[in-house]
1. Mind giving me the nanometre distance, one decimal, between the label points for Ile142 and Ser82, set 7 Å out from Cα along Cα→Cβ?
2. For segment 158-172 and segment 105-141, write down the distance between their C-alpha centroids in whole Å.
3. Kirkwood Rh, segment 95-156, all Cα pairs: how many Å?
4. Dividing the convex hull volume of the alpha carbon atoms of segment 62-107 by its residue count, what do you get in Å³ per residue?
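None of the figures in this text is laboratory data; all of them are computed from the coordinates on show. The structure displayed is predicted, hence computed values, not measured ones. Cβ sites come from the backbone with ideal geometry, for glycine too, and all protein chains shown count toward neighbours.
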Amino acid sequence: MNRQAMWTIGLAIFGLLALTEIFNWAHRSAPNSTAVSASTEQSLSGSDRFIVLASWKNEAVLDRKTGLVWERSPNTSFANWSGAQQHCDILALGNHRDWRLPTIEELASLVDPSVPSPGPTLPAGHPFTVNTAFYWSATTDISNNANAWGVGFDIGDVGSGGKNAIDYVWCVRDGEGLEMTPL
């Protein structure tokens, strides 16, 4: 691998870690009313972070670290950025609506940088069925409004791509109203 590629990968990892830390700091600073009762939901063996929500037909997963609810098995079809947002806006999953495309900070919070390629670069014990590919975020690249940020779960990198490109969609929603037990 040439020096420029190594520099680019290192810079991407540093940026991802910085974004994740900013996101985590913001969530630690804000009050979190999001919670799930362990007695009414299926907890995953090997991981206290993720809880498969049985009352949502096992189609959604609560991330106790962030209070967000994720699709357990995101749609395997592709969409451009606008189509990705529309897909999440109309999604009805686990008898719930109000799904949306995640921000780059939210999407990057799922990455475990210690997981080697080919990934998926998700924490051990995760319950997701995802592709090791690039997933859209709702965050526009402010240096080029024709691009949006996303995460490649093959190597856990954060990158910006043209909004007309066709990539994967992983929807999220806030977990408000759920009762959570502490980690």
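1. 2.5 nm
2. Here the answer is 13 Å between Cα centres.
3. On the way: mean 1/r = 0.0796 Å⁻¹.
Evaluated over segment 95-156, this radius sits at 12.6 Å.
4. Details: hull volume 3.9 nm³, N = 46.
So the per-residue Cα hull volume is 85 Å³.
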